[in-house]
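Down below is the structure, laid out as structure tokens.
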Amino acid sequence: MGKTQGTDGRVTAVEQAAGKTAGRAGLHWLRTPALLLGRLNGSRHRMGLLAVASFLETIIVPIAIELILVPFMLANRGKVWLIATVTLVGCLAAAMVGYAVGALLFDTVGQWAIDSWGLGDAYAAYGAQFEDHGFWAIVLVGVTPIPFPIAMLAAGAADYSIPLYLLACILARGVRYYGLALLIVAFGPAVERWFRRSRFFRAGFPQDRSGHAVSRAGRHTSD
């Protein structure tokens, strides 16, 4: 099994450590976008599986979920809003678990995660940002490279307001998921052409450069 790649095609320390965590947990199909997309397209319980994938992606950060959502939405254009909602629900469930770890188990489980994934410096820097900006520091995680578990642990450790925390998480991730759904509804063919030419497609589906449509990527990789 290859190492997990970032959206620019490079392996990051966080993604590599998280990919190993997924592998040890028996979730090998989460370690690459091609495997996960094939698992989704081949399952009768694809929405439930998507929620689980979103939950685990939020917790252990093995891949960027957008690498899955773009081809999955393109293959299921009549269900893009449902797909976005299911993805957000899985993310919010994970956000609450992360918050609980930060609030109740930070010194044990939380610190272990930070140390295992090499996030010590990032967590210290984000902690200072969170103290200054609170709500907006969480929202900004949705549009910056900061790993989401850092925000979850920081909010829980600070005993931050749960309603405000959930609202910030909805804004941080909802804009991405529903924004992507809107783009596919409005510009479906153009989004497909862009995605197939982009570095995101090459990073997630390196074996699919032979001209197969994005909507068939899952079936192609699972053959």
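The values are calculated or read from the model by the stated rules, or taken from the named source; none is laboratory data. All of these numbers come straight from a predicted model, not from anything done at the bench. When we count neighbours, we look across all protein chains shown, and the Cβ atoms used for this are built from the backbone with ideal geometry, even at glycine.
Conditions (1) of a type in the set (V, I, T); (2) more than 16 Å from the chain's Cα centre (by Cα); (3) modelled with pLDDT of 95 or more, marked per residue:
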position: F106; (1), (2), (3): no, yes, no
position: S116; (1), (2), (3): no, yes, no
position: G120; (1), (2), (3): no, yes, no
position: Q129; (1), (2), (3): no, yes, no
position: F148; (1), (2), (3): no, no, no
position: P163; (1), (2), (3): no, yes, yes
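Counting only residues that are over 14 Å from V191 (Cβ atoms) and touching a residue at least 12 places away in the same chain (Cβ under 8 Å), region 49-82 holds 19 of them.
Restricting attention to region 86-117, the residues being assigned to a helix (DSSP H, G or I) and free of Cβ contacts under 8 Å to residues at least 12 places away in the same chain number 6.
Checked against the criterion of being at pLDDT 90 or above and either crowded, with 18+ Cβ neighbours inside 10 Å or not small (G, A, S) (or both), region 188-205 contains not a single residue that satisfies it. Across region 149-187, the number of residues qualifying as part of a loop (DSSP other than H, G, I, E, B) and surrounded by 14 or more Cβ atoms within 10 Å (Cβ to Cβ) comes to 2.
Scanning region 138-180 for residues that are β-branched (V, I, T) and either without any contact (Cβ under 8 Å) to a residue 12 or more places away in the chain or in contact with an Asp or Glu (Cβ under 8 Å, 6 or more places away or on another chain) (or both) turns up just one, T144. For the condition of a type outside the set (F, W, Y) and more than 30 Å from A75 (Cβ to Cβ), A181 does not qualify. For region 51-104, the set of residues classified as buried (at least 20 other Cβ atoms within 10 Å of the Cβ) and hydroxyl-bearing (S, T, Y) consists of S54, T58, T87, Y99, listed by residue number. Evaluate region 105-127: report whether one residue or more is in contact with a Ser or Thr (Cβ under 6 Å, 6 or more places away or on another chain), crowded, with 18+ Cβ neighbours inside 10 Å and more than 14 Å from C169 (Cβ to Cβ). Taking every residue of region 105-127 in turn, none turns out to be in contact with a Ser or Thr (Cβ under 6 Å, 6 or more places away or on another chain), crowded, with 18+ Cβ neighbours inside 10 Å and more than 14 Å from C169 (Cβ to Cβ). Among the residues making up region 131-148, those that are surrounded by 12 or more Cβ atoms within 10 Å (Cβ to Cβ), assigned to a helix (DSSP H, G or I) and not β-branched (V, I, T) are H133, F135, W136, A137, L140, F148.
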